[in-house]
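The values are calculated or read from the model by the stated rules, or taken from the named source; none is laboratory data. For clarity, every value in this text was computed on a predicted model and none was experimentally measured. Positions of Cβ are backbone-derived with ideal geometry, glycine not excepted, and every protein chain shown enters the neighbour counts.
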Amino acid sequence: MPLHRRMSALDYGCGTGLLSFPLKDELGAILLADSSRGMLDVVAEKIAAQGAGNMKPLKLDLLADPAPAQKFDLIVTSMTLHHVPDTDRILRVFHDLLQPGGYLCIADLDREDCSSRPCSASPRKTRARRGTIRCS
């Protein structure tokens, strides 16, 4: 996937920004969204320390709060969806937030009960564009 400074991005469930900070010089505006105020406080400190003027933290739960009005060229979410109670709904919200031709990148675990055995993840490459989702 080509990255460029004209791309806007949403990092949903950003935590401390481990995914977005390495991309800050490759992308334009990056909205770092999380439902945890503590995580966003850490993100805000990192933004200030690194002078990352293209990054903005936002307290956001897309299942409870109104979605941002803007559309994004790229939505990334890592290790978040297994915490979301309604993944079908959140994926529809992501779809609505994507620009035509935008990308949705998800890295997560399968939802499993791990109480009696080690958990395993099923890695899948997913390429999403507004209107289609292709898994391989």
Legend entry - Cβ pairs under 8 Å, 6+ apart, first in region 1-28 and on the phi > 0 side of the Ramachandran plot, second of a type in the set (Lys, Arg) and not in a strand (DSSP E or B): 17/46
Inset, instruction - Just give me the residues in region 56-70 being farther than 16 Å from residue 95 by Cα and among the hydrophobic types (A, V, I, L, M, F, W, C), in sequence order. - result: 58, 60, 64
Legend entry - Output for region 82-97, where each listed residue is surrounded by 19 or more Cβ atoms within 10 Å (Cβ to Cβ) and either within 13 Å of residue 34 (Cα to Cα) or touching a Gly at 6+ places or on another chain (Cβ under 9 Å) (or both): 84
Inset, instruction - May I ask you to verify whether residue 56 is assigned to a helix (DSSP H, G or I), at pLDDT 95 or above and within 21 Å of residue 23 (Cβ to Cβ)? - result: no
Legend entry - Among (1) more than 16 Å from residue 20 (Cβ to Cβ); (2) of a type in the set (Gly, Ala, Ser); (3) modelled with pLDDT under 95, the one test that residue 64 misses: (3)
Inset, instruction - Go through region 63-81 and count every residue that is free of Cβ contacts under 8 Å to residues at least 12 places away in the same chain and either among the acidic types (Asp, Glu) or buried (at least 16 other Cβ atoms within 10 Å of the Cβ) (or both). - result: 1
Inset, instruction - Select from region 74-91 the residues that are closer than 14 Å to residue 20 by Cβ and either at pLDDT 95 or above or among the hydroxyl-bearing types (Ser, Thr, Tyr) (or both) and list them in ascending order. - result: 74, 75, 76, 77, 78, 80
Legend entry - Residues of region 1-45 classified as of a type outside the set (Ser, Thr, Tyr), outside any loop (DSSP other than H, G, I, E, B), touching a strand residue (DSSP E or B) at 6+ places or on another chain (Cβ under 6 Å) and surrounded by 17 or more Cβ atoms within 10 Å (Cβ to Cβ), total: 9
Inset, instruction - Name every residue in region 58-80 that is closer than 16 Å to residue 39 by Cβ and not β-branched (Val, Ile, Thr), in order of residue number. - result: 58, 59, 60, 61, 62, 65, 78, 79
